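Trainee: Encoded as structure tokens, here's the structure I'll be asking about.
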Amino acid sequence: MRKPMNINSVAEFLKKLKIEQAISGKIKLLVAVSGGVDSVVLLHILSGLNDICTLGVAHCNFGLRGQNSDFDELFVLELAQALNLPFYTTHFETLDYAKANTLSIQMAARQLRYDWFAQLQQTHNYHFIATAHHQNDVAETVLLNLTKGAGIAGLHGILPQQGIIIRPILGFNKQQITQYAQQNNLNWQHDASNDQAHKYERNFIRHQVLPTLVQLNPQAIKHIYQTSLYLRDTELVYRQALTTIKRKLLQTNFHGDIEIGIRKLTAIPGAPTILFEVLSDFGFNTTQSNEVWAALNGESGKTWLSPTYKIIKNRTQLLITKAENQKTSQHNIDALPSKLITSGFTLQLNTELASDITIAPTPNRAWFDANLVALPLVLRRWQPGDYFYPFGLNRKKKKLSRFFIDLKLSLADKDRQWVLCDARNRIIWAVGLRADERFRITPKTQQVIVAVVNNQS
């Protein structure tokens, strides 16, 4: 027979939490109860600790199992009423949410319930949200993360506390929990979808992988859980060292971009792992990290994108910049004067009489004959194939890409370059670099468009 649950450990967990958080009086817990055996046992244990905590019961109806979902809701309602506890419930359109947000059903359900739990916690002033995760859940999570190439953070599994989320019975396994329920004559609801091994990834781990490992070693679940505890402590040491390494490795340039010296990176022991940890902070996955590592000695110019950042491989460094939002990579200027504020600089456009201006060459200022420029103007990022007639080259046509090479611009500078175009998509200014010869000021010019940029990046 399995060693029975020592529910005193739950009380000790809560007492320790109470001291650490300096909570006066009882801990107020919102208990997430699905109606399954795990959450029913958790609620039963916590309800017996009324000298330590007060409880509320929260139940999510995801509408995924038709009438059975409603039966679960009714069951939890009656359970809360029997214990004289506050009861909160909500209904989700889980399938619609998953489709709209391009999520798996399980991930959609997770987001929905935790967002709702957090709202309840704040509205009703609960100290924590208690969930019924246990050792088997830890083992499943570790194995699932292992198959996806997770780093050390993925291998420590589920934590006993993450912010306002606590897991008081995490140290017990499924058999112990079921045994407790049977010994205390508890009733619970059975979710048949959990029995379908091929419906969800976690179910496959639960019904196909873990039983095989238990056949190999009956203590497999316990040992995976214990290993996750060791990795949790290891991660603390690892994170401290990683912070020191990042501080030395990552440099911020005057544009606000992150630079990583390739030579400095490759000299660090365990450099591929360090690179993965650094890039994961910016939303890059394991595959992308491996690709970046493999490309370090390759040609310059290769790029990788995360949802929010871009990596550019330069000759001697990796450059991490914020990914361009397509909605903000082009700005229309319908009338003059105009002041346009972008994420990197401010563009001021005015019109003046030619007789009133003095032209003094400067990279951040340009002058154009207003009669030669077709309005409205467009400020946009440069594109491959763009060309113009650089001022000073006697109306000689030149591709911007070649012009950049002549100026020896870095890949990063090329990537962030803007151009000012007229209504006919003629480039009148490579912003901050060179104006177009076709729109130059002549003795015949009467009205001038003056363009000024400040804080260019």
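The values are calculated or read from the model by the stated rules, or taken from the named source; none is laboratory data. Computed from a predicted model, the values in this text were never measured in an experiment. Positions of Cβ are generated from backbone atoms using ideal geometry, with glycine treated the same way; all protein chains shown enter the neighbour counts.
Trainee: Could you check region 126-142 and list, in sequence order, the residues that are in a helix (DSSP H, G or I) and hydrophobic (A, V, I, L, M, F, W, C)?
Mentor: Residues satisfying the conditions are V138, A139, V142.
Trainee: Restricting to region 2-22, give me the number of residues that are touching a residue at least 60 places away in the same chain (Cβ under 8 Å) and farther than 18 Å from R167 by Cβ.
Mentor: So the count comes out to 3.
Trainee: Which one of the conditions (1) polar (S, T, N, Q); (2) in contact (Cβ under 8 Å) with a residue 24 or more places away in the chain; (3) not assigned by TED's automatic domain parsing to the domain that holds V419 does Q288 fail to meet, given that it meets all the rest?
Mentor: (2)
Trainee: Evaluate the following for F128: is it surrounded by 15 or more Cβ atoms within 10 Å (Cβ to Cβ) and without any contact (Cβ under 8 Å) to a residue 12 or more places away in the chain?
Mentor: So F128 fails the test.
Trainee: Using beta carbons and a limit of 8 Å, which pairs, at least six apart or on different chains, have the first residue in region 65-79 and crowded, with 16+ Cβ neighbours inside 10 Å and the second one at pLDDT 95 or above and part of a helix (DSSP H, G or I)?
Mentor: L79/V40; L79/L43
Trainee: Just a yes or no: is a residue in region 425-446 among the hydroxyl-bearing types (S, T, Y), under 17 Å from I359 (Cβ atoms) and surrounded by 14 or more Cβ atoms within 10 Å (Cβ to Cβ)?
Mentor: Among the residues of region 425-446, at least one is among the hydroxyl-bearing types (S, T, Y), under 17 Å from I359 (Cβ atoms) and surrounded by 14 or more Cβ atoms within 10 Å (Cβ to Cβ), which makes the answer yes.
Trainee: Moving to a separate point now. For region 87-125, enumerate the residues that are loosely packed, with under 14 Cβ neighbours inside 10 Å and not in a helix (DSSP H, G or I).
Mentor: Answer for region 87-125, where residues must be loosely packed, with under 14 Cβ neighbours inside 10 Å and not in a helix (DSSP H, G or I): H91, E93, N101, T102, S104, H124, N125.
Trainee: Now for a separate question. Note down all Cβ pairs under 6 Å where the first residue falls in region 219-234 and is under 11 Å from L155 (Cα atoms), the second is of a type in the set (G, A, S) and at pLDDT below 90, and they're at least six residues apart or on different chains.
Mentor: S228/G157
Trainee: Is there any pair with a first residue in region 40-60 that is within 16 Å of W188 (Cα to Cα) and a second that is among the hydroxyl-bearing types (S, T, Y) whose Cβ atoms are under 6 Å apart and which are 6 or more apart or on different chains, and what are they?
Mentor: Hits for this filter: V41/Y180; A58/Y88; H59/T89.
Trainee: Applying the selection to region 351-373, what residues are under 22 Å from Q417 (Cα atoms) and modelled with pLDDT of 90 or more?
Mentor: N364, R365, A366, W367, F368, V373
Trainee: Among the residues of region 151-189, which ones are within 30 Å of T287 (Cβ to Cβ) and either in contact (Cβ under 8 Å) with a residue 24 or more places away in the chain or of a type in the set (S, T, N, Q) (or both)?
Mentor: G151, I152, A153, L155, H156, G157, I158, L159, Q162, I165
Trainee: Then there's this: Kindly indicate which of R232, R202 is modelled with pLDDT under 95 and either touching an Asp or Glu at 6+ places or on another chain (Cβ under 6 Å) or within 30 Å of G344 (Cβ to Cβ) (or both).
Mentor: On inspection, the qualifying residue turns out to be R202.
Trainee: Looking at region 352-368, which of its residues are part of a strand (DSSP E or B) and surrounded by 13 or more Cβ atoms within 10 Å (Cβ to Cβ)?
Mentor: Within region 352-368, E352, R365, A366, W367, F368 qualify.
Trainee: Checking I224 against (1) assigned to a loop (DSSP other than H, G, I, E, B); (2) within 29 Å of the chain's Cα centre (by Cα); (3) of a type in the set (A, V, I, L, M, F, W, C), only one condition comes out false. Which one?
Mentor: (1)
Trainee: How about region 371-403: which of its residues are buried (at least 19 other Cβ atoms within 10 Å of the Cβ) and over 21 Å from K414 (Cα atoms)?
Mentor: Passing the criteria: V373, L377.
Trainee: Do we find that N125 is at pLDDT below 90 and either in contact with a strand residue (DSSP E or B) (Cβ under 7 Å, 6 or more places away or on another chain) or within 29 Å of T227 (Cβ to Cβ) (or both) in this structure?
Mentor: no
Trainee: Something else now. Say we look at region 82-98 and pick out the residues that are under 13 Å from L64 (Cα atoms) and not hydroxyl-bearing (S, T, Y); which of these is nearest to the chain's Cα centre (by Cα)?
Mentor: Result: A98.
Trainee: Still on this structure, I have one more. Is it true that Q81 is under 17 Å from H44 (Cα atoms) and not in a loop (DSSP other than H, G, I, E, B)?
Mentor: yes
Trainee: To continue, here is another question. Tell me, yes or no, whether region 99-113 has at least one residue that is under 26 Å from the mean Cα position of the chain (by Cα) and at positive phi.
Mentor: Yes, that holds for at least one residue.
Trainee: Within region 242-259, does at least one residue satisfy the condition of being aliphatic (A, V, I, L, M), surrounded by fewer than 16 Cβ atoms within 10 Å (Cβ to Cβ) and farther than 30 Å from N455 by Cα?
Mentor: No, region 242-259 has no match at all.
Trainee: Hey, another quick one. Report, by residue number, each residue of region 341-387 that is of a type in the set (A, V, I, L, M, F, W, C), closer than 14 Å to V450 by Cβ and touching a residue at least 12 places away in the same chain (Cβ under 8 Å).
Mentor: Scanning region 341-387 gives L347, L349, L353, A354, I357, I359, A366, W367, F368, A370, V373, L377.
Trainee: Got a number for residues in region 273-285 being touching a residue at least 24 places away in the same chain (Cβ under 8 Å) and either touching a Cys at 6+ places or on another chain (Cβ under 6 Å) or charged (D, E, K, R) (or both)?
Mentor: Going through region 273-285 one residue at a time, the tally reaches 1.
Trainee: For region 304-331, what are the residues that are β-branched (V, I, T) and either surrounded by 14 or more Cβ atoms within 10 Å (Cβ to Cβ) or touching a residue at least 40 places away in the same chain (Cβ under 8 Å) (or both)?
Mentor: Scanning region 304-331 gives I311, I312, T316, I320, T321.
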